[in-house]
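So the structure is just underneath, and the comments pick up after that.
The values are calculated or read from the model by the stated rules, or taken from the named source; none is laboratory data. On a predicted model such as this, the values are computed, not experimentally measured, just so you know. Note: areas computed on protein heavy atoms with side chains; ligands, DNA, RNA excluded. Shrake-Rupley method; radii C 1.70, N 1.55, O 1.52, S 1.80 Å.
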Amino acid sequence: MVLVAGLLVFAAGQARAASDARHLSGGGTASISQVAMNVTIDGAGSASGSFQCLMAGRSAFVLGAFGLAHNMIVHATPTAGSVAGSVVTFSGPGSLILDGRQKMEVHMQLWADIATQSFPLTVVEVGTLPVGTLRSGQI
């Protein structure tokens, strides 16, 4: 009987934690990049999912500051996150591909404001990119 009661309490706790989860998804063309994100943040602050950011072509004015000619691509797996009002923050490890030649392991941080459809991306080992605002698509 005690074992059954314990399992019921555990299951209720798991259901409550699942209901505290938040999900951020979407993407599109931003002022300096193209982005896609699919991130789930649980009530304990753990995150899972994926984040992609491609800076090429329209981003030429940004790429020069990093000594690049063609593109900068960030692929990341969020591991921590939080939600406060319309702002979703997440961070985690990832990889950075520079001009298709160099790949390095990095850590990224991002906050996305759902209300303004804007986000700044920080690649810890490189720096913070200017705030991007979605021009098409939606998060």
Legend entry - Alpha-carbon centroids, the stretch 103-139 and the stretch 38-68: separation in whole Å: 5
Inset, instruction - Could you go through the stretch 59-65 in sequence order and give the Karplus-derived ³J(HN,Hα) for each residue, using 6.51 cos²θ - 1.76 cosθ + 1.60 with θ = phi - 60°, rounded to whole Hz, and x for Gly and Pro? - result: 9, 3, 5, 8, 4, x, 5
Legend entry - Cα-only radius of gyration and Dmax that characterise the stretch 45-113, units Å: 13.5, 40
Inset, instruction - Roll a 1.4 Å probe over the protein chains and send me the accessible area per residue for the chain in Å². - result: 53
Inset, instruction - Two decimals is fine: what's Rg over Rh for the chain, C-alpha atoms, Kirkwood radius as Rh? - result: 1.12
Legend entry - Under 5 Å, built H, 5+ apart or other chain: amide partners of G26: M37
